[in-house]
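Since the structure comes first, as structure tokens, the remarks are kept for the end.
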Amino acid sequence: MTKGKFRFNPETLSYEKIERSPRRILILLFSYLITVIVVGFAFMLTWLHFFPSSREKQLMDENKTLRNQYKSLNSRIGSLEKVVEDLSDRDNNIYRMVFESEPIPNSVRNGGFGGVNRYAEIESIPNMELVVKTNKRMDVLMKKIYIQSLSFDTIVDKAKNKQEMLQHIPGIQPLKTYKYVSGFGTRMHPIYKTLRTHTGIDLVAPTGTKIYATGDGVVTSAKFERGYGKAIVINHGYQYQSMYAHCSEILVHQGQKVKRGEVIGLVGNTGVSTGSHLHYEIIKGGQKVNPINYFLNDLSPSEFEEIRQISIQPNQSFD
Ligand SMILES: [Zn+2]
């Protein structure tokens, strides 16, 4: 039998050789070629996918590092946002209130950018969400900082005319060194073991540590009081009073005029107290307020953030 393909012809009842026209051969060849190319291409893609070239591998590594960098950048922006938030909080609630300026409304502080989308160009590139998100956060932050700095300018202007008032309002820390242990707000009472409003802050320091008047004023009370032990109250005027409790010694007397920074007593453990510490309160217009907002003169933003963190922990007070 000769080589080739045969077909049975039922009319002639014989096998007939299929003749291949050159055109048919060409078509066959062509389809073989296409198959080979497609299969080869698929194989190459698979290969590249699982075995990237060293250049690609380097790019992939770079990409990964960049992503991680952006992520850590974002968390750093997060911390900055917190600091700025604190600043605007202090600004609205303290500085502006002290100087009788209207607080800046949040709508202004958090105002958007409106109008054109400045990220349209990079947004269209795949995998750029992280970059866009980071840039947007930075923009918002920059704007908040800008508004804050304008606000401080206004306040500085007002402060120039209020030297006298500034000298009176509690504005320094009552102890030079201490361990800040318990903040203002709801706390577990150390002896009664119930949740109570802690109306001041507790600063732990050894018995005998000097206590300073936090602003100019007149001593309105300097005696042993139930609960507070040996306690001093100073009236600063401008609706402000400060109170220093659990002293071991009182070094001032009722009616005495005091200056900011003057030593008025010594830290102790008198009254209802679970260890040597100073319980410090600020009363404004009859209302007890959070004293850490008044440590204006001597805290950097990061120090402030640190004690703010402690102050919001729901721990037990020393009372
Ligand atoms: Zn306390």
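Every number here is computed from the coordinates shown, using simple stated rules; none is lab data. These numbers come from a predicted model, not from an experiment. Neighbour counts run over all protein chains shown; Cβ positions are idealised from the backbone, glycine included.
Sorted from greatest to least, the principal axis extents spanned by the alpha carbons of the stretch 6-50 come out as 58, 19, 10 Å. Sequence-distant contacts, meaning Cα pairs under 8 Å at least 6 residues apart, place the relative contact order of the chain at 15 percent. Taking the Cβ of PRO206 as the center, what net charge do the other residues with Cβ under 14 Å away carry, scoring Lys and Arg +1 and Asp and Glu -1? Summing Lys and Arg as +1 and Asp and Glu as -1 gives +2. With only Cα atoms counted, the chain has Rg and Dmax values of 38.3, 138 Å. Rounded to whole Å, the principal axis extents of the Cα atoms in the stretch 104-221 read 67, 45, 24, largest first. Mean sequence separation of contacting Cα pairs (under 8 Å, at least six apart), scaled by the length of the stretch 217-319, corresponds to a relative contact order of 23 percent. Helices that extend 30 Å or more along their long axis by alpha-carbon positions and average at least 0.5 on the Kyte-Doolittle scale are, among the DSSP H runs of the chain, 22-50.
Let's test the formula: R0 of 25 Å, r as the Cβ-Cβ distance of TYR70 and MET44. What FRET efficiency results, to the nearest 0.05?
Working from the Cβ atoms, E equals 0.15.
For the stretch 179-311, the Cα gyration tensor yields ellipsoid semi-axes of 21, 19, 14 Å (square root of five times each eigenvalue, largest first, whole Å). In the chain, excluding the sites themselves, the longest stretch lacking any of the GluC sites (Glu not before Pro) that are in a DSSP loop with at most 12 other Cβ atoms within 10 Å is 101-319. When the trypsin sites (Lys or Arg not before Pro) in the stretch 5-36 are filtered for DSSP coil states and for at most 15 other beta-carbon atoms within 10 Å of their beta-carbon, the remaining sites are LYS5, ARG20. Loop-located chymotrypsin sites (Phe, Trp or Tyr not before Pro) across the stretch 157-265 with a Cβ neighbour count of 10 or fewer within 10 Å are TYR192, with loop assigned by DSSP.
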